[in-house]
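Report on the structure given below.
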Amino acid sequence: MTRKKTGKAAIAGAIGSAAIAAAMLYVSNRKKNRPEQPGPIPPSGENPETD
């Protein structure tokens, strides 16, 4: 015979599942809000003046 999960085990499972779902939503939302970085500056063709 199998028993249904009840009590502390069921509560722990529900909390764990909710925590994982919240973490995944946080990460996906954070990736969307990241500003895009500009690319490298192309060379102008002039000689660089350095010391």
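Rule-based calculations on the coordinates, nothing more; no lab input. Keep in mind that what you see is a predicted model, and the values were worked out from it rather than measured.
Side notes on the structure shown:
- Linear extension gain, A22 paired with S44, 0.36 nm per residue minus alpha-carbon span: 3.2 nm
- Length gained when the stretch K31-T6 is fully extended (0.36 nm per residue, less Cα-Cα span): 5.3 nm
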